[in-house]
Structure formats: structure tokens, C-alpha cells
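Report on the structure given below.
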Amino acid sequence: MLTVRGVEKRFGDEPVLKGVDLEVAKGDVVVVIGPSGSGKTTLLRCLNFLEHADAGELNFEGETFNLASISRKDVLRIRRRTAFVFQNYNLFLNKTALENITEPLITARGFSKKDAEEKGRALLERVGLSDRADNYPSELSGGQQQRVAIARALGGSPDIIYFDEPTSALDPELTESVLATIRSLAAEGMTMIVVTHEIGFAESVATKALFLEAGRVVEFADADTFFRHPKEARTRAFLETFRR
């Protein structure tokens, strides 16, 4: 479904991504892990064109694009088939949970208000928030806000969803409801790339895993190999810090 080759990104004189390769098949859950500052979020943002990569090639469903020179038209065309879930929810604070889902359906997808509300309520039920449709973000916990954000991402029926540390802003007791929602999507066969620091969750949900450090891929493998028999000493050392 998605292949990227040689992704590079600099901020000023600082190289952040140094030739990253990645392959994602339909139904894959690819987790991206690594120490802080390794380039994980930047990679995800480059894949969804929230950041402009300086070099690299992206193949999406058989079409190949140069990341450094991709047209705005092609960016918009790919974005219509993907979704992005941010660390800090990015909900409209002046709109209810339901309105946060229906607004993009109406303005960007051409839904009627009636059809958008019907779909929005179904999506809220899917993430366990059918009773919170009329609540504003300020009336929801962080975990509930993130689940609204996931419901909004599902609204466009994306082929792939990017998750950028979806629990990093949550207290530990609120984390599980969000992780459970992502696990349910994985069980349904949703294709996802998930940047996470939750190693236990990553191990439980991944089909593939990528370890990124200092902007380079240290190891990329199927989940069983990566978590149980990693080939690289640096991968083993990093995973060991979470298992002591």
C-alpha cells in the first residue's frame, strides 16, 4: 500500500531524517519507536505532508511521487485517503464532539448535514462515546477527546491512519481506553502507522516495527522478529530498558 525510500528532512542546518525507508502493506500496523528526538514525529508528518521532505520517494497504491517536488494537487489527493491523529487532539474547542466529526464531512466530503450527523453518531458509538455527542471538548477527559479525534479520523473512511504518540498527553489511567480503541481498529484490519512510547502496547498490536534513532533506521522487521529476536544490539538494548 505504501512504500517510502530515502526520506530526508532538515530543519535549518540540522538533519532530522537521514534516508529513511519504510514499507506498509494493507492491514499492517507499523509501530515506530525510538528515543526522544529521533525523528519519529517528523517522519509521520512528512508522510502526510504536514512537513515538506527535502528528498525521498513515496509510492502510494502503485503511484510514485517525489516528496521534494510533489504537487499540491497530488498532496490533496493522497490526503483524502489518509487521516492523522495528533498528540493533542486538535479538536475545535467551540464545537461539540459530534460537530467535530461532522464539520469535515460536510465541508470537505460533501455530506449533507443529516447524513453527516448519522455517520458522526455511528462513529462516536464505535469509539464508545455515543453518550457524549453534545459535549464540548472542555467537558471531556483527555482520553475522551482523543477518542473523538479517532472518530473524526475514521469519518473519511481512510485507507491508512497515522497516529502521532496518541497517548503522550494522557494520564496513565486514561491511556488504556485510547489504546483499546486502536487495538479494536487493528483487529478490524485498519492499516496504521503508530508512533508510540508504549512498548507493551506496541508489541501487542504491531505487525511490523521500526526503530528510529538520530534520523536513521536502526532496525525494521516483522513484529515477532523485532520484539523477540532483534538483530541489532542497539534495538536489544533499547527494548531491554522497558523490560527491567
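Angle between the Cα long axis of helix 172-187 and the longest principal axis of the chain, 0 to 90 degrees, nearest 10? Here the helix axis deviates by roughly 90 degrees.
Measuring r between the beta carbons of R77 and A122 and using R0 = 35 Å, the FRET efficiency lands at 0.85.
What does the charge count near T175 come to, summing +1 for each Lys or Arg and -1 for each Asp or Glu among other residues with Cβ under 13 Å from its Cβ? Let's see the in-between values first.
Details: positive: R147, R183; negative: E165, D171, E173, E176, E198.
For residues surrounding T175, the net value is -3.
For segment 166-226 and segment 105-159, what is the centre-to-centre distance using only Cα atoms, to the nearest Å? Taking the Cα centre of each part, segment 166-226 and segment 105-159 sit 23 Å apart. The orientation-averaged shadow of the Cα convex hull for segment 141-244, equal to a quarter of the hull surface, comes to 7.2 nm².
Here the dipole of the chain is about 360 debye; that uses its Cα centre as origin and unit charges on the Cβ of Lys and Arg (positive) and Asp and Glu (negative).
Lysine pair count for the chain (Cα-Cα distance under 16 Å; residues 8 or more apart in sequence or on different chains): 7.
Among I150, G128, A206, whose Cα sits farthest toward the positive end of the charge dipole of the chain (+1 at Cβ of Lys/Arg, -1 at Cβ of Asp/Glu, about the Cα centre)? Of the options given, the answer is I150.
Under Stokes-Einstein, with the Kirkwood radius over Cα pairs as Rh, the value for the chain at 10 °C and 1.306 mPa s is 85 µm²/s.
Positive contributions from Lys and Arg (+1) and negative ones from Asp and Glu (-1), summed over other residues with Cβ under 11 Å from the Cβ of E51, come out at +2.
Laboratory data are not the source of any read-out in this text; all were calculated from the coordinates shown. The structure presented is a predicted model; accordingly, all values stated were derived computationally and were not measured. Heads up, the Cβs are rebuilt from the backbone with ideal geometry, glycines too, and the neighbour counts pull from every protein chain shown.
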